[in-house]
There are 2 protein chains.
Amino acid sequence: MQTERISDAEFEVMNCLWQTSPLTASDIAGLVPQERQWSLQTVKTLLSRLVAKNVISHEVDGRRYLYSPLVSRSEYVSGESKRFVDRLFSGRAGPLFAHLAEREAFSEEDISDIEKLLREMKK
Amino acid sequence: MQTERISDAEFEVMNCLWQTSPLTASDIAGLVPQERQWSLQTVKTLLSRLVAKNVISHEVDGRRYLYSPLVSRSEYVSGESKRFVDRLFSGRAGPLFAHLAEREAFSEEDISDIEKLLREMKK
DNA sequence: TCGCAATGACTACAACCGTAATCGTAATGT
DNA sequence: ACATTACGATTACGGTTGTAGTCATTGCGA
């Protein structure tokens, strides 16, 4: 029973729920980024699909639902990261890093973050 | 005219073409990983879709086509990496790295690769 | 020469996705 | 009490994806 795939649009909804929960459908319609100006109905559809996929739960509150995540952001990010690194870099972080470096995808800040992490890992 | 999205199945076909090209449809049907035992027809459908998406080209050879990539693996990987890091880590490599570290996603080899790259970047 | 095999083109079809509209019901304001 | 509204459920609909089947043609082997 591995976790179901979450689509791009569903992911926006999850981001709201990961930030605050529980939330109603209308709450979420109000929170979703402006560039994706969804109708309330669209948000409700996404919520039902997420419930069907078993990644959020809904608790009855009067005649509304309060939605909460069942999967943490960190769990989700881990799964996606693994998929990504497996698919494009044969599961190895070294080549991923090399690729990002080659494309100059690192800021100064990224680099010092990484150096710090490496020092911590050494201990 | 940004590059079209490539689906998972299509990606397997691209991997064959990135390794060797040009190839015929039958070549590819023979090369594709065993776990995805596609019929020749399936491979042909994927090839037409890739042509329609403008990421491979086909050159006539008698009554067959010889297919070749129009997009390099490295270009593709860059695009996907950017999408991934933007979506899950707000475009910052530092947090990506931190997440991988936390999940113990690095092998010893990865770590020494990365250290080496960092030293080279310093110069 | 004649049938068959290989090949590309077109068609199929269910699941999933983005984006809603509509429907039935129940609470709410007046 | 009645109209309006807020909600969840159901339905819609075109596009993409995975996975092929079918069709028309044509070169090749016997």
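Quick look at the values:
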| item | result |
| --- | --- |
| Farthest toward positive dipole pole in chain B [+1 Lys/Arg, -1 Asp/Glu at C-beta], among B:LEU118, B:SER74, B:LEU47 | B:LEU47 |
| Pairwise label distance in nanometres, B:MET121 with A:ARG63, each label 7 Å out on the Cα-Cβ vector | 5.7 |
| The stretch A:1-77: C-alpha gyration tensor shape, a/c 1.5 cut-off, then a/b vs b/c | oblate |
| Accessible-area composition of the protein assembly as shown, carbon plus sulfur, in percent [1.4 Å probe] | 48 |
| GNM result for chain B, Cα springs below 10 Å: residue of B:ASP110, B:ASP86, B:ASP61 fluctuating most strongly | B:ASP110 |
| Per-copy distances of the A:LYS123 label point, shortest first, in nm (7 angstrom along Cα→Cβ) | 3.1 |
| Nearest-first distances (nm) between copies at B:GLU109, label 7 Å from Cα via Cβ | 3.4 |
| Accessible area, probe 1.4 Å, largest first, for residues B:LEU40, B:LEU66, A:LEU31 | A:LEU31, B:LEU40, B:LEU66 |
| The protein assembly as shown: C-alpha gyration tensor shape, a/c 1.5 cut-off, then a/b vs b/c | oblate |
| Only Lys, Arg (+1) and Asp, Glu (-1) charged, at Cβ; the stretch B:1-59 dipole about Cα centre in debye | 140 |
| Selection from B:LEU31, B:TRP18, B:HIS58, by position along the positive dipole direction of chain B (Cβ) | B:HIS58 |
| Cut-off of 10 Å, at most 11 other beta carbons, DSSP loop: longest stretch of chain B lacking such GluC sites (Glu not before Pro) | B:36-103 |
| Assigned charges on the beta-carbon of Lys, Arg, Asp, Glu; chain A dipole about Cα centre (debye) | 480 |
| Difference of contour (0.36 nm per residue) and Cα-Cα distance, B:ARG103 to B:LYS44 | 17.3 nm |
| Computed accessible area, A:ARG49, all protein chains, 1.4 angstrom probe, square angstrom | 130 |
| Placed amide H near B:GLY91: partners under 5 Å, 5+ positions off or other chain | B:ASP86 |
| Lys pairs under 28 Å by Cα in chain B, provided they are eight or more residues apart or on distinct chains | 5 |
| Innermost chain A residue relative to the axis carrying A onto B, by Cβ distance in angstrom | A:PHE84, 3 |
| The protein assembly as shown - mean residue ellipticity at 222 nm from DSSP helices (-39,500 (n - 2.57) per run, n ≥ 4, rounded to 500) | -19000 deg cm²/dmol |
| Distance from the stretch B:105-123 to the stretch B:15-53 (C-alpha centre basis), Å | 35 |
| Charge dipole magnitude, Cβ of K and R +1, D and E -1 - the stretch B:73-122, Cα centre, debye nearest 20 | 340 |
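The values are calculated or read from the model by the stated rules, or taken from the named source; none is laboratory data. Not measured: the values here are computed from a predicted model. Glycine gets a Cβ as well: all are built from the backbone with ideal geometry, and neighbour counts include every protein chain shown. Areas reflect the complete protein model, heavy atoms only, side chains present, ligands, DNA and RNA absent. Shrake-Rupley method; radii C 1.70, N 1.55, O 1.52, S 1.80 Å.
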